[in-house]
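The values are calculated or read from the model by the stated rules, or taken from the named source; none is laboratory data. It should be emphasised that the depicted structure is a prediction, and the values quoted were computed from it without experimental measurement. Here Cβ is always computed from backbone atoms with ideal geometry, including for glycine, and neighbour counts include all displayed protein chains. The area values use the complete protein model at the heavy-atom level, side chains included, leaving out ligands, DNA and RNA. Shrake-Rupley method; radii C 1.70, N 1.55, O 1.52, S 1.80 Å.
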Amino acid sequence: MHPAPPPPHVLRDYALLADGERGALVGPRGDLAWMCAPRWDSDAVFAALIGGPGWYCVTPAAPYVWGGYYEGGSLIWRSRWTTTSGIIECREALAHPGDPHRAVLLRRIIAVDGPATVDVALQPAAGFGDHPARGLHRDETGRWTGRAGDLHLRWTGAPGADVIEGEGDGEGDGEGHPVLRTRLHLDAGEQHDLVLEIADRTLGRCPAADRLWRATEASWAEQVPHFDDALGPRDARHAYAVLRGLTGASGGTVAAATTSLPERAEQGRNYDYRYVWIRDQAYIGQAVAAAGAHPLLDDSVRFTTARLHEHGPDLAPAYTTTGLALPDRRTLDLPGYPGGSDVTGNHVNEQFQLDGLGETLLLLAAAARHGRLDQDGRQAARIAADAIAQRHREPDAGIWELHEDRWTHSRLICAAGLRSAATAGVTDPGTAAGWEALADHLTALAAATSTHPTGRWQRSPTDPGVDAALLLPAIRGALPADDSRTTATLDAVRRELCQDHFAYRFRHDERPLEEAEGAFLLCGFVLALAEHQQGHTIEAVRWFERNRAACGSPGLYAEEFDISQRQLRGNLPQAFVHGLMLETAVRLTQPPPHR
């Protein structure tokens, strides 16, 4: 019988393996159902998550219940299964740090208590399934080699595997997608290594599994700091590890590891987030800066500085990890994750988002305060400030990437960035005074056009609604914490956009909030920061703890949380949520800012 593809799970059950250059999602049955190679934005070689061919399963043969955990300060995951005859673990990781041209998946099966029998099935299928594995061959050492499209494959540790030919069409030749399948038996206390290499060039010598594991352990231990003074230090450290895993050699941090995971079932809200958003990159750098001058701050500065030097006032909202323009959005001929449809590319490549310029200034100012801004960074700040002066009168797509408007948040966050950079010693005093004056102008313009009759900020001159994003400018220093518009906006957000200490972005229509979309976890942590800024310590901690718990057992956050079904919604893991969680965990132990 041909092995069946693994069925999808709810998102809270998936763990992330990542090495900076690409990531994989592994489910509780040992079903690795998603990975793109060689880079984040490449086509998937394992696409079972979104209904395509391609998976890699290590599953107990006996009945079992599942669990698992991350080894502290790393993305080394241990799947743990209690079977009817004992306990089995599978230690799983992408070899770290990642090679941009070669992914190395490490899986170590351990018979923890009693003997272990596991079934292993590997089906590589490059190009979202368009290119099945071909030329699969077992050499004299027992290693398997082959090709899948332009990718080179090598699998070590399964010399007894059989090739099971798949059914259905492959590359138009009537052949299907072959699966390598084997059953492994381990005595109590024994362990067995599987090493899968996937590369876009000819594979060289394969290091021993022990050596790969030692290097991966050492790399994570070196790159992920402790946050002993944070609120929830273990979770803060895990958030940093997730961000480290999503950040490659270029310094760019992808918004998420996946594409097409629906924010709302059957609503067409499926997006490709395997790219670097400038706004998100700035959020992450600022979050890390709150904790100290850690390497991820330098990475964020390096990536955004390079883009500002290259594109200036034409700064795009997002780029590939290599700094290239995003591809146009296109659909895939796959069934999709349940409730969703499959897409690649992203329509933001056609947008202008003014707020990204303000966020880059906030990031560069944070780096300057830690003494981590060089001359290129200072010049990048001048480029960003000049771009704001040049383009602030234009409508833009805003933080939520909607229709073009003169969004209040965009202009106020630019004011915050200008003020922060002016006071952080980023530039000379004369230029700094000009930035302060421009910030005053932007604030006055917003006050004249976007002050609601009730005294709060409204979304734009033409949209009187309240928006949780309008809390951010005051948090970032655009205007004082005790400004009447700051406090009135916070009151309105609490009253109109919050439920049970979860927050929504804005009202889409007259429906109840939870029927339009999920609670937005980024906004939940923003509420915690806003309450903290007002000196409401207990309320800030309530917001933090409520939203901190909105994850699955692997501790990963998606963009949204369905509070009625207690489920994650959208792409996984969402980088900016982990960033704001880390920042909130740190800031809530410090005195309130800007008071």
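Observations
- Considering residues of region 499-517 that are open to solvent by less than 30 Å² (accessible area, probe 1.4 Å) and modelled with pLDDT of 95 or more only, the residue farthest from the chain's Cα centre (by Cα): PHE506
- Filter result for GLY135 (within 28 Å of the chain's Cα centre (by Cα), at positive phi and open to solvent by 20 Å² or more (accessible area, probe 1.4 Å)): no
- Summed over region 333-361, residues that are among the hydrophobic types (A, V, I, L, M, F, W, C) and either without any contact (Cβ under 8 Å) to a residue 12 or more places away in the chain or open to solvent by 10 Å² or more (accessible area, probe 1.4 Å) (or both) total 2.
- Looking only at region 192-210, and only at residues there that are open to solvent by less than 40 Å² (accessible area, probe 1.4 Å) and assigned to a loop (DSSP other than H, G, I, E, B), the one that is modelled with the highest pLDDT: LEU203
- Meets criteria (among the hydrophobic types (A, V, I, L, M, F, W, C) and open to solvent by 30 Å² or more (accessible area, probe 1.4 Å)) for LEU364: no
- Evaluation of GLY51 against (1) in contact (Cβ under 8 Å) with a residue 40 or more places away in the chain; (2) out of contact with any Phe, Trp or Tyr (no Cβ under 8 Å at 6 or more places or on another chain); (3) more than 30 Å from ALA249 (Cα to Cα) (one fails), failing number: (2)
- In summary, TRP213 fulfils each of the numbered conditions (1) in contact with a Lys or Arg (Cβ under 8 Å, 6 or more places away or on another chain); (2) open to solvent by 50 Å² or more (accessible area, probe 1.4 Å) with the single exception of condition (2).
- Scanning region 407-441 for residues being more than 25 Å from ARG372 (Cβ to Cβ) and not basic (Lys, Arg) gives a total of 8.
- Hits in region 422-433 - residues which are in contact (Cβ under 8 Å) with a residue 24 or more places away in the chain, of a type outside the set (Ser, Thr, Tyr) and open to solvent by 10 Å² or more (accessible area, probe 1.4 Å): ALA424, GLY425
Rundown of residues vs (1) farther than 19 Å from VAL179 by Cα; (2) among the small types (Gly, Ala, Ser), yes/no style:
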position: VAL10; (1), (2): yes, no
position: LEU16; (1), (2): yes, no
position: GLU21; (1), (2): yes, no
position: GLY30; (1), (2): no, yes
position: ASP41; (1), (2): yes, no
position: TRP55; (1), (2): no, no
position: PRO60; (1), (2): no, no
position: TRP77; (1), (2): yes, no
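Residues checked against (1) surrounded by fewer than 24 Cβ atoms within 10 Å (Cβ to Cβ); (2) at pLDDT below 95; (3) not in a loop (DSSP other than H, G, I, E, B):
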site: ALA256; (1), (2), (3): no, no, no
site: ASN270; (1), (2), (3): yes, yes, no
site: ASP299; (1), (2), (3): no, no, yes
site: THR305; (1), (2), (3): no, no, yes
site: PRO313; (1), (2), (3): yes, no, yes
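- Qualifying strands (runs of 3 or more DSSP E) (wholly inside region 32-119; at least 1 residues being modelled with pLDDT of 95 or more and among the aliphatic types (A, V, I, L, M)): 44-46, 55-60, 64-70, 87-94, 102-113
- The condition (being hydroxyl-bearing (Ser, Thr, Tyr) and either out of contact with any Pro (no Cβ under 8 Å at 6 or more places or on another chain) or buried (at least 18 other Cβ atoms within 10 Å of the Cβ) (or both)) is satisfied by just one residue among THR84, THR117, THR145: THR145.
- Matching residues, region 477-498, being open to solvent by less than 10 Å² (accessible area, probe 1.4 Å), touching a residue at least 60 places away in the same chain (Cβ under 8 Å) and closer than 12 Å to GLN534 by Cα: ALA481
- The one condition in (1) closer than 14 Å to PRO295 by Cβ; (2) open to solvent by 40 Å² or more (accessible area, probe 1.4 Å); (3) in contact with a Ser or Thr (Cβ under 6 Å, 6 or more places away or on another chain); (4) not charged (D, E, K, R) that ALA221 fails to fulfil: (3)
- Matching residues in region 382-421 - criterion: being at positive phi and open to solvent by 30 Å² or more (accessible area, probe 1.4 Å): GLU401
- Count of region 547-585 residues which are outside any strand (DSSP E or B), in contact with a Gly (Cβ under 7 Å, 6 or more places away or on another chain) and over 19 Å from VAL242 (Cβ atoms): 0
- Members of region 462-476 found to be within 20 Å of THR360 (Cβ to Cβ) and either of a type in the set (D, E, K, R) or open to solvent by 20 Å² or more (accessible area, probe 1.4 Å) (or both), listed by number: ARG476
- Cβ-Cβ distances below 6 Å connect the following pairs, each with a first residue in region 434-461 that is open to solvent by less than 60 Å² (accessible area, probe 1.4 Å), a second residue that is of a type in the set (Lys, Arg) and in a helix (DSSP H, G or I), and a separation of six or more residues or different chains: ALA439/ARG419; LEU442/ARG411; ALA446/ARG411; TRP457/ARG485.
- Among (1) crowded, with 17+ Cβ neighbours inside 10 Å; (2) of a type in the set (Gly, Ala, Ser); (3) modelled with pLDDT of 95 or more - the single one GLY552 does not satisfy: (3)
- Condition met for GLU583 (of a type in the set (D, E, K, R), touching a residue at least 12 places away in the same chain (Cβ under 8 Å) and closer than 27 Å to VAL276 by Cα): yes
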